[in-house]
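The values are calculated or read from the model by the stated rules, or taken from the named source; none is laboratory data. Since we're looking at a predicted model, the values are computed, not measured. Here Cβ is always computed from backbone atoms with ideal geometry, including for glycine, and neighbour counts include all displayed protein chains.
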Amino acid sequence: MSLSLLKTGVLLAFMTGIMVAMGGLIGGQTGMIIAFAIALVTNAISYWNADKIVLRMHGAQPVDARSAPEYYGIVADLARRAELPMPAVYVMHSAQPNAFATGRNPENSAVCASTGLLESLSRNEVAAVMAHELAHIRNRDTLIMTVSATIAGAISMMATMLQYSMIFGRNRNGAGSVIGTLAAALLAPLAAMLIQMAISRSREYNADRIGAEICGNPLWLASALHRIQAAARGIHMDTAERVPASAHMFIINPLFGGTFDNLFSTHPNTDNRVAALRELAREMNIASDGHEDRGSRPVSRSSAGPWDAGSSSSPADGLLRGGSRIPPRKDHRKRGPWG
């Protein structure tokens, strides 16, 4: 059994125990049985469909070589360099520059970049970010990252149910509501703690290193991390704020503007990551003049219009040619998130 499968199994067992305990608080022995059944179904769905669930959480839409040739071409070339199967490629409509990878294995994986990332970063930086995400896929980090996000989200939902059950349920003398409130207040941090236990921050350093090797220049990723962090501090990502348990999946914590920033902080310090990348660049004899991406243009300047097809002086492997059009945001009010 691989380490990723073992860690995922342990995580699912812990999460199942928490859900059963919550069921007991809600409905006694009957509640425990019902919660156990729900946990089994949730675990199965999470293992086989967690990637789709996470993509839906963030309203991600698939793109291909016709709808986004430049972005898709970056991922295709990097996947060949990493000797990985071609992942599904998605775009999420968010002004905050960020990206994540998902999937239970390299054969069933996906990468997703925000429109903000494609609009504001250079081609070299986008390539470095996507190489980082492919490193997570190659390291099989995405299985436990994705499953933990969906299970923790389910536990948070059950914690809310528990709270309302205790307040409005059979215990009307006040004591039950106090217990329910305390239990709900403790369970969400417990879920976050389990995520932090299961997902070591060292995985980000490892993905940074391997991603830098895949794209060929650690300084591109160092520059991208600085830009993403600076922008993320001032731009909310609504989907991440609604589902903070998925924050660990992103290359930079998307919760800078939210109240759950510290609670769900599974990312190492960005300055430390950049320092490690600069040291790796020195080991690779790649010099820095302090302007790693001077002169290179963003992959996309408009989320609605065609991407600039002009040439660039940056050596992004000659892949980025042609125009692209990102699919427009779906009208959720009329047709639902996948209408």
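Computed values, structure above
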{"item": "Selection within the range 95-121 - surrounded by 24 or more Cβ atoms within 10 Å (Cβ to Cβ) and of a type outside the set (A, V, I, L, M, F, W, C)", "result": "96, 97, 98, 102, 103, 109, 114"}
{"item": "Where a residue in the range 65-83 is surrounded by fewer than 19 Cβ atoms within 10 Å (Cβ to Cβ) and its partner, wherever it lies, is assigned to a helix (DSSP H, G or I) and among the aromatic types (Phe, Trp, Tyr), with Cβ under 9 Å and at least six apart", "result": "65/72; 66/72"}
{"item": "Filter result (among the acidic types (Asp, Glu) and either modelled with pLDDT under 95 or more than 22 Å from residue 114 (Cβ to Cβ) (or both)) within the range 188-225", "result": "204, 213"}
{"item": "Failed item, numbered, when residue 55 is tested on (1) crowded, with 24+ Cβ neighbours inside 10 Å; (2) out of contact with any Leu (no Cβ under 6 Å at 6 or more places or on another chain); (3) of a type in the set (A, V, I, L, M); (4) in a helix (DSSP H, G or I)", "result": "(1)"}
{"item": "Flag if residue 38 is among the aliphatic types (A, V, I, L, M) and either over 18 Å from residue 102 (Cα atoms) or modelled with pLDDT of 80 or more (or both)", "result": "yes"}
{"item": "Test: residue in the range 92-101 that is within 25 Å of residue 219 (Cα to Cα) and free of Cβ contacts under 8 Å to residues at least 60 places away in the same chain", "result": "no"}
